[in-house]
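What follows is one structure encoded as C-alpha cells, with my remarks underneath.
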Amino acid sequence: MNQEQIFVSSEADKYFLRNKNVLDSFTKEQDTIYQLIKKFNRKDEITSVLELGCASGYRLNFLKDLLPNCKKFVGADASSLAIQHGKEKYGLELYQDSFVSFQYPEQFNLVIVNFVLHWIDRDLLYQCIANIDSFLKSQNSFLVLGDFFPFYPHKRKYHHVEKELYTYKCNYKEVFLCSNMYQILDEVITTHDKNEKVNNLSRVSVSLLEKNSTEFYEIVK
C-alpha cells in the first residue's frame, strides 16, 4: 500500500478530525491564500475555482464574497468526513477523491493546491503535476500553490502513523515555472506556524502563477 492509498483509506479522515475545530474557526484574516487573492488586481477575470485538497471547503466559502464574477466553486479532498461536513456547513460542490484519480468534465481559470504535494508518492508526483495542469484553461488562468519551501529538498518521517510515511519538501513551483507555460505574479514567504522562526523545516511559499501555454515563449528569427 503506497502513501496515497494509506492517506485516502484512513489518515485523511484522522487528519480532518484532529484539525476540525481549527478549520471551523479559521478566518479570512488568517488565510494567506485569501489575502493573496484579495490584493490580486485581476480578480474579475476569475469565473471558476477548483481547490484540490480543500478539506471542508472553508476557503472556497471565503472566496464566494471575494470573486464577484465566479460562478463555480468546486473542491475535492481525500477525507470523506471533511467533504460531508463541508457539504452540510457550506452547501458547496465537493467531492471525496484522491489527488491522483479526481476528474472533472470542465476546466477552471483558478486552481488552488495548498499543502498537498509534499504528501504525494514520488512515483506519482509528475502524474499529479499533469493533473493540476489539465484542470487549468490553456490561457489566462491562475494557479495558487502553497507548500513547504525549504532551503534544500528533504524528506521527513510523518509522526502521526506507525507506518513508514514521509513528507517530501522542495520548491514545487519550479516544476511549473521551468515549463515556461507559467509565470509568477506574486509570492508570500512565511512559516508553517506563524510563531516559528524561518528555518529549513518551517519555511513556506504561497505563490500565484499565471498559465499561458504559448505566450510566455519569445519569438525569435
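Of all DSSP beta bridges located in the chain, what percent are antiparallel, nearest 5?
50
Measure off 7 Å from each Cα along the Cα-to-Cβ vector at Ser138 and Glu93, then give the distance between these two points in nanometres to one decimal.
About 2.3 nm, to one decimal.
Excluding ligands, DNA and RNA, what is the solvent-accessible area per residue of the chain at a probe of 1.4 Å, expressed in Å²?
51
Would you mind counting up the charge near Lys211? Only other residues with Cβ under 9 Å from its Cβ, with Lys and Arg at +1 and Asp and Glu at -1.
-1
Aspartates and glutamates near Lys28 by alpha-carbon distance under 14 Å, same-chain residues fewer than 8 away left out - which ones?
Partners found: Asp65.
Quick one: pull the percent of accessible area on the chain belonging to carbon and sulfur, 1.4 Å probe, ligands and nucleic acids left out.
C and S atoms contribute 49 percent here.
So I have [x] 13.1; [y] 10.8; [z] 12.5, and one of them is mean projected area of the Cα convex hull in nm² calculated from this model. Which one is it?
[x]
Give the cross-link partners of Lys157 among the lysines, using a straight C-alpha distance below 19 Å as the criterion and excluding same-chain residues fewer than 8 apart.
Lys14, Lys169
Under the rule that an exposed site lies in a DSSP loop and has at most 14 other Cβ atoms within 10 Å, name the longest stretch of the chain with no chymotrypsin sites (Phe, Trp or Tyr not before Pro) of that kind, not counting the sites themselves.
Segment 1-150 is the longest.
Between Asp44, Asp121, Asp133, find the one with the highest GNM mean-square fluctuation for the chain; connect C-alpha pairs within less than 10 Å.
Asp44
To make sure I understand the rule: partners must be lysines, Cα under 23 Å from the Cα of Lys211, and not fewer than 8 residues away in the same chain. Which ones qualify?
Reachable lysines: Lys38, Lys39, Lys43, Lys64, Lys71, Lys72, Lys137, Lys173.
The values are calculated or read from the model by the stated rules, or taken from the named source; none is laboratory data. Since the model is a prediction, treat every value here as computed from it, not as a measurement. Here Cβ is always computed from backbone atoms with ideal geometry, including for glycine, and neighbour counts include all displayed protein chains. Heads up: the accessible areas ignore ligands, DNA and RNA and are worked out on the full protein's heavy atoms, side chains in. Shrake-Rupley method; radii C 1.70, N 1.55, O 1.52, S 1.80 Å.
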